[in-house]
Amino acid sequence: MAIRHLAVEEILTTAYPLRAYAFGGSPGPVDLDELRRTWLPYQEGNRTLVAETADGVAMATATGIPMRQNLRGRVLPMAGVASVTTHPLGRRQGHVRELLQRLLDEMRDEGHLLSTLYPFRPSFYERFGYVGLAAARTATFPVADLAALLRADLPGEVRWTRAGPGYPEYVAFLDRCLTGRHGFAVFPGYRQVRVRDDDDRWLLTAHVDGVTEGLLTYRIDDHGGTLAADDLLAFGPLARTLLLQFLGRHVDQVERVSMVVAADDLPELWLTDLGVVCETRVTRPDHAAPMARLLSMDALDGLPAGAGRCRVELTTDRWLAGTWLLDGATGHLESRPHSTGDSALPVATLTAAGLSALAYGVLDPAELVIRGLGVVPPDAAVELRRIFPRDLPYLHANF
Ligand SMILES: CC(C)(COP(=O)(O)OP(=O)(O)OC[C@H]1O[C@@H](n2cnc3c(N)ncnc32)[C@H](O)[C@@H]1OP(=O)(O)O)[C@@H](O)C(=O)NCCC(=O)NCCS
């Protein structure tokens, strides 16, 4: 089986049929001209690989999207992995294992220090060094429960437009979230611009002292129906309340509001008398929580860290290997290869997924042991807890 890159024009005839079979209803009519116009432009800068038989039949495909992600305050190049698919006659023959290795090799060589994806089955990707991140939740509440906000005098204003004309503001605010929020990831421009081109959402922004502090995109399904919002993005309670106040003015128009909130958001504390249902849906294979991994130890350098010191021995992984000294004494993490024995130094043995779990702030060192992601004696756990305090990432981008 030969692996090669696809030029963007080839994607429709080579990779697309495999993706369509794996991720959609089928068989059905395929309108290539329509796809060329409405879908292909947003694939342009992606790295799409295909594994082919000697006579040119595509057996498997995988795509890397060059994204950016905030890891504990540092914005790093991140490889978003998407559209991993094997021909139904070629499954369980090792094609995807080979493709993923090649894709991540290439994305890493290009400078991507992190990678994230949405798995069909987390255990499949755990073997590739990925660890689960928290899933976003959907909060649903009656719009009438926002009544108390209607007459509130809040020091700020909201602006309302469609996503098309509001796109520059949308991009600017997402960039601000990227620098300000751990875990936040954004698409490259050629992909993000789809929000402008589709122009199928309302765009609401909250402004405080002339600065955009909150943003919400949404659609309304029907009169008396649901105002369905995407992710609630707000720096602080004032911006969030300005957005909610605006939604409250739809009391005679829709019955309920639904919105996506971060795993550590607590809508039940937003407002007295707000009856809210928060749902986290993680099912296989259709509703996945994201996963992430470090692709290089360079991702750790300079991260804000507590004053801990630990030797970390990494078990076999294609991209993370060796023995490292992690030192947070200066308040910024230093990682360097460490071969000399120092009996005073606590030592942990970690898988790539285990180290990624600590770096992303999703698991405690004690949980790594229980989950089979490392051997962490109590003294090493104390140091690693100092270096990597828990900090729930919020990915935002869904692909
Ligand atoms: C899931 C899928 C991509 C796997 O592709 P594949 O080419 O069959 O995978 P490989 O043969 O390279 O398998 C790699 C390893 O994962 C294992 N594996 C494969 N499918 C698995 C599954 N469903 N669950 C758990 N492990 C699996 C294989 O046994 C193999 O293990 P090994 O290296 O120890 O031998 C393929 O079945 C598919 O296209 N499914 C439909 C679309 C889909 O779900 N895509 C994933 C989107 S995230």
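What follows is calculated from the coordinates using simple rules that are stated; it is not laboratory data. Since we're looking at a predicted model, the values are computed, not measured. For neighbour counting, all protein chains shown are included, and Cβ atoms are generated from backbone atoms with ideal geometry for every residue, glycine included.
Between R4 and A144, the FRET efficiency from the beta-carbon distance, with R0 = 45 Å, is close to 0.20.
Let me have the 222 nm mean residue ellipticity of the chain computed from DSSP H runs of 4+ only, each contributing -39500 (n - 2.57), with the sum over all residues rounded to the nearest 500. Display every interim value, and only then the final one.
Numbers: 12 runs with 102 residues, N = 399.
Taking each H run of at least 4 residues, the total per residue is -7000 deg cm²/dmol.
The residue list M59, N70, Y16 was ranked by how far each Cα lies along the charge dipole of the stretch 2-132 toward its positive end, using unit charges on Cβ atoms, and N70 comes out on top.
Arrange R219, R309 by Cβ neighbour counts within 10 Å, fewest through most, would you?
Working: R219 13, R309 18.
In increasing order of surrounding Cβ atoms, one gets R219, R309.
Put in order of Cβ neighbour count within 10 Å, fewest first, the listed residues R390, R92 become R92, R390. Using a Gaussian network for the chain with springs between C-alpha atoms less than 10 Å apart, which of these wobbles most: D209, D264, D298? Fluctuation is largest for D209.
Might you report the magnitude of the Cβ-based charge dipole of the chain about its Cα centre, with Lys and Arg at +1 and Asp and Glu at -1, to the nearest 20 debye?
Values: 40 positive and 49 negative charges, 142 e Å.
It works out to roughly 680 debye.
In this structure, R219 and H182 have a Cβ-Cβ separation that, at R0 = 30 Å, corresponds to a calculated FRET efficiency of about 0.60.
Could you tell me what percent of the DSSP beta bridges with both partners in the stretch 297-387 are antiparallel, to the nearest 5?
On the way: 13 of 17 bridges.
About 75 percent, rounded to the nearest 5.
Exposure proxy check: I65, I220 ranked by fewest other beta carbons within 10 Å? Write out the running numbers ahead of the final one.
Working: I65 27, I220 15.
Sorted ascending by nearby Cβ count, the order is I220, I65.
When the square roots of the Cα gyration tensor eigenvalues are ordered a ≥ b ≥ c, the ratio a/c for the chain is 1.5 or more and a/b does not exceed b/c, which makes its shape oblate.
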